[in-house]
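Encoded as structure tokens, the structure appears first; notes follow it.
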Amino acid sequence: MSNTWKIYILALVSFLVGTSEYVISGILDTISDTMGISVTSAGQLVTIFSFVYAIFTPILMALTAKVERQKLLVTALGIFVLGNVLSFVLPGYELFVAARIIMALGAGMVVVTALDIAAKIAAPGKQASAIATVVMGFTASLIIGVPLGRIVASEFGWRSVFGLLALAGLLAMVVLYFAIPRIKGDAPVPLSKQLAFLKNGNVSLGLGITFFWLGGYSIAYTYISPYLLDVAGLNEGMLSGVLLAFGIASLVGSKFGGFSTDKWGVFPTLTWGMLLHVAALLLLSITVAFTNSWLPIVGILVLWSFAAWSSGPTQQLNLVRIEPNYSGIMLSLNQSMMQLSMAAGAGIGGIMIDQVSLSSITWIGMIGVILAIVAVFMLKLRMSAGKQGAPARSVQ
């Protein structure tokens, strides 16, 4: 088997992990109804998963830095499979929360290790492309995994989604064991060294952009299913198709963000993408309030997804160029911040639903993205000031 195919296998594994994280948003109303819990309580399943992923992944990766990579990947995937099996068989909300914690512990190690292996087995000069392929698997879970999960949940019950993920994970463990070469671990990077970068003002602002951009997005997206059903008035039969269109738009937006960054630069792409993000949430709020027609609502949802994910690849590059000699640490910190922002967004969205209304989540999400735009301008000013006297390296 060629290394190219091995990288695609790693991307499929990343797809499984991404589906386990994102699918909750697609079946939130079903979980709420069958468990007899509020939509807010169901939404905290996203908060818990993302928080555990963000906090424990860098710690576990530091502790297992010297472990042979193939062994670590198969073991981490085993933990992930266990979490899915428990989600499938255990009754009750509290036990489901415990299963989500186990799932998140495995998921974080799976993704980071898969990225590490992909970079090491890629052909010379193709490391970035290999990493992008694995990341694409994670993104594809939003496009395919969430609507597919909705369809499976409608036909067989929402727990069957996790049963299928467990079976797919077991098959992947066997394939990985035989397909992935044995690769030595790395010298560990102490957590203290990773956290020391947070003292750098540019790094803190860069991570702040991620926090507010993705946090604002997560406030609304976590509760997208009940929002579309109860506030926008879409029917159950349409929801899977709408989620699929939403996912496809995220892929197109991500691709466009990469193109735009290459052509026009980081700051113009981030600024215009986030302004469009805010405009889409504003239009969605107004349209839902004044019309019952599904067509404009779906059109605005596609615009929202496109705008939101156009910032994804741009923000990755933004963090790397702040500290180009420590790109691995920057990407790791950004991954943790992405998960923390999703946890915070789901938590804040739940509070707003309880205290205000379900329709308020788009307005509050808008505020988060506006704060991200402010952070973009502050970072641009800092970097421009730092590069005065070096006109050959202008800030874009």
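The values are calculated or read from the model by the stated rules, or taken from the named source; none is laboratory data. Small disclaimer: the values here were computed from a predicted structure and weren't measured. Don't worry about glycine lacking a Cβ; one is built from the backbone with ideal geometry, like all the others, and counts go over all protein chains shown. Accessible surface areas use protein heavy atoms only, side chains included; no ligands, DNA or RNA. Shrake-Rupley method; radii C 1.70, N 1.55, O 1.52, S 1.80 Å.
Give the relative contact order (percent, whole number) for the stretch 189-387; include only Cα pairs under 8 Å separated by 6+ residues. Each step should come with its number before you reach the end.
On the way: 256 pairs, mean separation 85.2, N = 199.
Computed value for the stretch 189-387: 43 percent relative contact order.
Arrange the peptides 361-370, 103-112, 295-304 so that the one whose residues have, on average, the most other Cβ atoms within 10 Å appears first.
For the peptides 361-370, 103-112, 295-304, the packing ranking is 103-112, 361-370, 295-304.
Just subtract the alpha-carbon distance of Ala289 and Asp230 from 0.36 nm times their residue separation and send over the number in nm, one decimal. All intermediate terms of the calculation are to be shown ahead of the outcome.
Working: separation 59, 0.36 × 59 = 21.24 nm, distance 1.20 nm.
My answer for the length gained is 20.0 nm.
Roughly how many percent of the accessible protein surface of the stretch 236-339 is carbon and sulfur, given a 1.4 Å probe and a whole-percent answer?
Carbon and sulfur atoms account for 71 percent of the accessible area of the stretch 236-339.
Can you give the calculated 222 nm mean residue ellipticity of the chain, where each DSSP H run of n ≥ 4 adds -39,500 (n - 2.57) and the sum is split over every residue, rounded to the nearest 500 deg cm²/dmol? If you can, show how the numbers build up before the last one.
Working: 16 runs with 317 residues, N = 396.
The helix-only estimate for the chain comes to -27500 deg cm²/dmol at 222 nm.
Give me the extension gain from Lys71 to Ala119: residue separation times 0.36 nm, minus the current Cα-Cα distance, reported in nm with one decimal.
On the way: separation 48, 0.36 × 48 = 17.28 nm, distance 1.67 nm.
That pair, Lys71 and Ala119, stretches by 15.6 nm at full extension.
When the chain is fully extended, how far beyond the present Cα-Cα distance does Leu171 get from Lys199, taking 0.36 nm per residue of separation? Show your work: numbers first, answer last.
Values: separation 28, 0.36 × 28 = 10.08 nm, distance 4.35 nm.
Extra length available between Leu171 and Lys199 comes to 5.7 nm.
Once phi is turned into θ = phi - 60°, what whole-Hz ³J(HN,Hα) does the Karplus curve with 6.51, -1.76 and 1.60 give for every residue of the stretch 153-166, x standing for Gly and Pro?
Running phi through 6.51 cos²θ - 1.76 cosθ + 1.60 with θ = phi - 60° gives 5, 5, 8, 10, x, 5, 5, 5, 4, 6, x, 5, 4, 5 Hz.
Express the relative contact order of the stretch 1-188 as a whole percentage, based on alpha carbon pairs under 8 Å and six or more residues apart in sequence. Don't skip to the answer; put the middle values down first.
Values: 261 pairs, mean separation 76.4, N = 188.
It rounds to 41 percent for the stretch 1-188.
Roughly to the nearest percent, how much of the accessible area of the stretch 1-188 is carbon and sulfur, given a 1.4 Å probe?
That fraction is 73 percent.
Given a cut-off of 26 Å, name the pairs among Lys263/Lys380; Lys120/Lys199; Lys199/Lys255; Lys6/Lys184; Lys66/Lys193 whose C-alpha atoms lie farther apart than that in the structure shown.
Working: Lys263/Lys380 18 Å; Lys120/Lys199 30 Å; Lys199/Lys255 32 Å; Lys6/Lys184 17 Å; Lys66/Lys193 17 Å.
Violating the 26 Å Cα-Cα cut-off are Lys120/Lys199; Lys199/Lys255.
Per residue, what accessible area does the chain have, given a 1.4 Å probe and all protein chains present, in Å²?
Each residue of the chain exposes 42 Å² on average to a 1.4 Å probe.
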